[in-house]
Protein chains: 2
Amino acid sequence: MFWLLFCIFFAACLGAGITGGLFAPGPWYRALNKPWFTPPNWVFPVTWMVLYVCMAVAGARAAMMENNGIAMAFWALQIAFNGLWTPVFFGLKNIRLGMVVVSLLWVTVLCGLLALWQLDVIAGVLFVPYLVWVSIAAALNAGVWRLNPEVARNPPPAPS
Amino acid sequence: MFWLLFCIFFAACLGAGITGGLFAPGPWYRALNKPWFTPPNWVFPVTWMVLYVCMAVAGARAAMMENNGIAMAFWALQIAFNGLWTPVFFGLKNIRLGMVVVSLLWVTVLCGLLALWQLDVIAGVLFVPYLVWVSIAAALNAGVWRLNPEVARNPPPAPS
């Protein structure tokens, strides 16, 4: 049962994560001024794959427990927002809206972490690196905004 | 407890659904040949709001039950794929990849429906209109592909 649950949650992670391949960083992103702590591009997919495994294990563990309603609801909420950031930031090139999305994602991951922790400490701990990474992502988004105020103020028109 | 769960699942639906506002149908979509059963544009957001309520009620009901693991995992999986179609179809304007996404979504909704039904007949029934609508969406995507073979073969380069 654990492995079936793991596979379903992992597939959900991949469904959200595939946006990173579809809306990949290109010339627009390269031309932006980046904060000093910006990791090289290859770090992002590698980190996300590790996080996806942690998230799927946490989801599968919680799914097998009783009274898991809140934890399961937040797991679904965070994955819905997880898949939203890349299309907004790289697809729409909207730095400010990206900041809104990553902030909402941060809150949903924190709520998920707390709900999981109450249910199962291991599941909660498995969400800690995820929260750390989303904090870094939010700091990156904020740094890009601060260092490129003109670009942030004038996102290109949405694709039509 | 039910209403808290409902709100979290409904927020997840809105997180996926906001893509419909961010990547809205524009001149590209208007210029496509559409199948005869294509509804007018306003039907889509109205239908989705009704479906989101049904999906959130189904999720909240199942979340309060024991042995809900598989149903909760599929609820998370379907919402991850739900938010993917619009950025692929309207953002990337990739009709063929849109067909892949909507087909995967259809399978995850069916699996979710079956898992929910086993747990709680009402929750399962609440997913029936969702499956019907995704079937229509898949038929629309397929129809657009068939009627615009050149556009489908040559999607524009991804935004960079």
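Quick notes
- Were the residues from A:ILE122 through A:SER103 laid out at 0.36 nm apart, the gain over their Cα-Cα distance would be 4.4 nm.
- Two-decimal ratio, the range B:1-64, of alpha-carbon radius of gyration to 2.2 N^0.38 Å: 1.42
- Within a Gaussian network of chain A (alpha carbon springs, distance under 10 Å), most fluctuating of A:ASN67, A:ASN94, A:ASN148: A:ASN67
- In the assembly of identical copies, A:MET1 has its label point, taken 7 Å from Cα in the direction of the beta carbon, separated from the corresponding points by 1.8 nm (ascending, one decimal).
- Relative contact order (%) - criterion: Cα under 8 Å, at least six apart; region: the range B:1-75: 55
- Pairwise centroid distance, computed over Cα atoms, of the range B:16-48 with the range B:65-135, Å: 19
- Per residue value of the accessible surface for chain B (all protein chains in place, 1.4 Å probe), Å²: 43
- For the range B:113-156, taking Cα atoms only, Rg and Dmax work out to 16.1, 46 Å respectively.
- Per-residue HN-Hα couplings for the range A:42-55 [Karplus 6.51, -1.76, 1.60; θ = phi - 60°; Hz; x = Gly/Pro]: 5, 5, 5, x, 5, 4, 4, 4, 4, 5, 4, 4, 4, 5
- Across peptide A:10-19, the average count of Cβ atoms from other chains found within 10 Å of a residue's Cβ is 6.
- Taken over the protein assembly as shown, the alpha-carbon convex hull comes to 121 cubic angstrom per residue.
- Mean silhouette area of the range A:67-151, derived from the convex hull of its C-alpha atoms and averaged over all directions, reads 5.1 nm².
- Distance in nm between pseudo-label sites at A:ALA142 and A:VAL43 (7 Å out along the Cβ direction from Cα): 1.7
- For the protein assembly as shown, calculated [θ]222 nm from helices alone, where every DSSP H run of n ≥ 4 adds -39500 (n - 2.57): -23500 deg cm²/dmol
- Calculated from backbone phi, Karplus (6.51, -1.76, 1.60) coupling profile of the range A:59-76 in Hz, x at Gly/Pro: x, 5, 4, 5, 5, 8, 9, 7, 6, 9, x, 5, 4, 5, 5, 5, 4, 5
- Residue by residue along A:88-101, Cβ atoms of other protein chains within 10 Å of the local Cβ number 2 on average.
- From the C-alpha gyration tensor of the range A:64-107, square roots of 5λ in Å: 28, 9, 5
- Here the protein assembly as shown exposes an accessible surface that is 73 percent carbon and sulfur, computed with a 1.4 Å probe and the other protein chains kept in place.
- The residues of the range A:120-160 occluded by other protein chains by 50 Å² or more of accessible area, set against the chain on its own, are A:PRO159, A:SER160; surface from heavy atoms, 1.4 Å probe.
- Distribution of pairwise C-alpha distances over chain B, 10 Å bins, in %: 11, 40, 30, 15, 4, 0
The values are calculated or read from the model by the stated rules, or taken from the named source; none is laboratory data. The structure displayed is predicted, hence computed values, not measured ones. Because the Cβ atoms are built from the backbone with ideal geometry, glycine has one as well, and the counts that use them run over all protein chains shown. Calculation scope for accessible area: heavy atoms of the full protein, side chains included, ligands and nucleic acids excluded. Shrake-Rupley method; radii C 1.70, N 1.55, O 1.52, S 1.80 Å.
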